[in-house]
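The values are calculated or read from the model by the stated rules, or taken from the named source; none is laboratory data. This one's a predicted model, so the numbers in the text were calculated from it and none came from an experiment. We place every Cβ from the backbone using ideal geometry, glycine too, and count neighbours over all the protein chains shown. Ligands, DNA and RNA are stripped out before the accessible areas are found, and what is left, the full protein with its side chains, is counted by its heavy atoms. Shrake-Rupley method; radii C 1.70, N 1.55, O 1.52, S 1.80 Å.
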Amino acid sequence: MKRLFFAVLGFAALASCHNKTNKKSSMPPDSVSAVVENEIHKELYGNWVGDFTVDEKVSEEILQNKGEFPAGFDYSPKINLTIKRITADTVIGQNVVKGNLRPLVGKIEENGNVISFILDEPGDKKSDGRFEFKWNNDTLVGSWTAFDQGVNVRKRNFKLTKKQFVYNANLMLPNDENSEPLIDWYASKKETRTVEDGDTTYTYINDLYRAASPAVFKLNGSKMKLTEGDLKNLKKLDLEIIRNTIFARHGYAFTKINVRQFFDPVDWYVPVSNDVTKELSKLERDNIAILTRFEKYATDNYDQFGR
């Protein structure tokens, strides 16, 4: 009889423990548990692309102090400001400009129909700063201000529209019958010329630049297998542009201004990554290899162009 009593008691205790466990597992997390914030304004997620233009006041100061913009000065590079996550307390994003990828963290503020953002770069680089902008009629309009006010360009302005990045092997640099040749404005040579006019001799200096041939609008290194016959008569600049167009289709963020000058103005180009190696097809890798090999021995012709 005692054995039966203790067996029933043990079963009841086990059942009670089991019920408590089930009850606990069905309860909502307590206040100690992590709270997942709801995301808001997901319609703003994605790439926002446009020109990152030097503020007019800063531009005037540079010209007053130096008389001209420094060599290689980037007045309005393309910027891709990506919004990745928005909650009531935190906004997370990234910006890509001049080949540099910088994380962004900040806040969103809603005042009626006006949505404003303040996003900061980490601050561990001299070129880091703060983005302040508003969402206005499907456009992000605002400015960037450098943390270090001693930098050459301490403020830039932007007006960005949403642009989805999609790889497309058919994309080519824009060309029509009225297009001028692509010219490398950042790799000039000086030419001294002397002209005699009666008893007077004039000496002047010309800036000479290298220009690309129409081949850069025809040879697609993402779709066609390039051969020695295709490349043997091309100039060095032609080969460079054809090769870099392959990377541009994949959204590679170019750091060098002499490369970006050809792609930043192109509507379909969206810089999203500084490493697209894994995205390249075998055909593209093979074409990059042969283009690079020909670049080593190719030369360029320099001529005078107006700017």
Task: Peptide ranges 205-211, 90-96 listed from the most packed, as the mean C-beta count within 10 angstrom indicates - done: 90-96, 205-211
Task: Net charge of neighbours whose Cβ lies under 11 Å from the Cβ of Leu171, counting Lys and Arg as +1 and Asp and Glu as -1 - done: +1
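Leaving ligands, DNA and RNA out of it, report the carbon-plus-sulfur percent of the accessible area of segment 219-307 at a 1.4 Å probe. Show your work: numbers first, answer last.
Details: 2200 of 4630 Å².
Solvent-exposed carbon and sulfur of segment 219-307 make up 48 percent of the total.
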Task: Dipole of the chain, positive end: most advanced residue of Ile205, Gly93, Gly72 [Cβ charges, Cα centre] - done: Gly93
Task: Taking segment 152-212 and dividing mean pair separation by its residue count, relative contact order in percent (alpha carbons under 8 Å, at least six apart) - done: 29 percent
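What number in nm² do you get for the chain if you take the convex hull of its Cα atoms and divide its surface by four? Numbers along the way, then the final one.
Numbers: hull surface 118.6 nm².
Mean shadow area of the hull around the Cα atoms is 29.6 nm².
Take every Cα pair under 8 Å in segment 207-246 that's 6+ residues apart, average their separations, divide by the length, and report that relative contact order as a whole percent.
Numbers: 24 pairs, mean separation 22.3, N = 40.
Here the relative contact order equals 56 percent.
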- [ ] Within the set of other residues whose C-beta is less than 9 Å from the C-beta of Ile92, count the net charge using Lys and Arg as +1 and Asp and Glu as -1.
- [x] +2
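With charges only on Cβ, +1 for K and R and -1 for D and E, what is the dipole size of the chain about its Cα centre, in debye, rounded to 20? Each step should come with its number before you reach the end.
Details: 44 positive and 43 negative charges, 443 e Å.
Using Cβ point charges on Lys, Arg, Asp and Glu, the chain gives about 2120 debye.
Ignoring ligands, DNA and RNA, what accessible area per residue does segment 185-307 give at 1.4 Å, in Å²?
Values: 7000 Å² over 123 residues.
Heavy-atom accessible area per residue stands at 57 Å².
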Task: Relative contact order of the chain, pairs being alpha-carbon contacts under 8 Å that are 6 or more residues apart, as % - done: 15 percent
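If you put +1 on each Lys and Arg Cβ and -1 on each Asp and Glu Cβ, how big is the dipole of segment 55-118 around its Cα centre, in Debye rounded to 20?
Working: 8 positive and 9 negative charges, 83 e Å.
For segment 55-118, the charge dipole is close to 400 debye.
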TODO: Using packing as a proxy for protection, rank 175-188, 220-233 so that the peptide with the highest average count of other Cβ atoms within 10 Å comes first.
DONE: 220-233, 175-188
TODO: Could you calculate the FRET efficiency of Thr194 with Lys159 from 1/(1 + (r/R0)^6), where r is the beta carbon distance between them and R0 is 51 Å, rounded to 0.05?
DONE: 0.55
- [ ] Before rounding to the nearest 500, sum -39500 (n - 2.57) across all DSSP H runs of length at least 4 in the chain and divide by the residue total; then give [θ] at 222 nm in deg cm²/dmol.
- [x] -7500 deg cm²/dmol
Open item on the list: I'd like the carbon and sulfur percentage of the solvent accessible area for segment 45-115, probe radius 1.4 Å, heavy atoms only, ligands and nucleic acids excluded.
Closed with: 46 percent
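What's the magnitude of the charge dipole for segment 82-157 around its Cα centre, counting Lys and Arg as +1 and Asp and Glu as -1 at the beta-carbon? Answer in Debye, nearest 20.
On the way: 12 positive and 10 negative charges, 68 e Å.
In debye, rounded to 20, segment 82-157 gives about 320.
So, for segment 38-127, what is the accessible surface per residue at a probe of 1.4 Å, expressed in square angstrom? Don't skip to the end; give the middle numbers.
Working: 4790 Å² over 90 residues.
Here the residues of segment 38-127 average 53 Å² of exposed surface.
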Task: Potential lengthening between Tyr186 and Glu61 on full extension [0.36 nm per residue; Cα-Cα distance subtracted] - done: 42.7 nm
Open item on the list: Around Leu182, under 10 Å between beta carbons, what's the net of Lys plus Arg minus Asp minus Glu among the other residues?
Closed with: -2
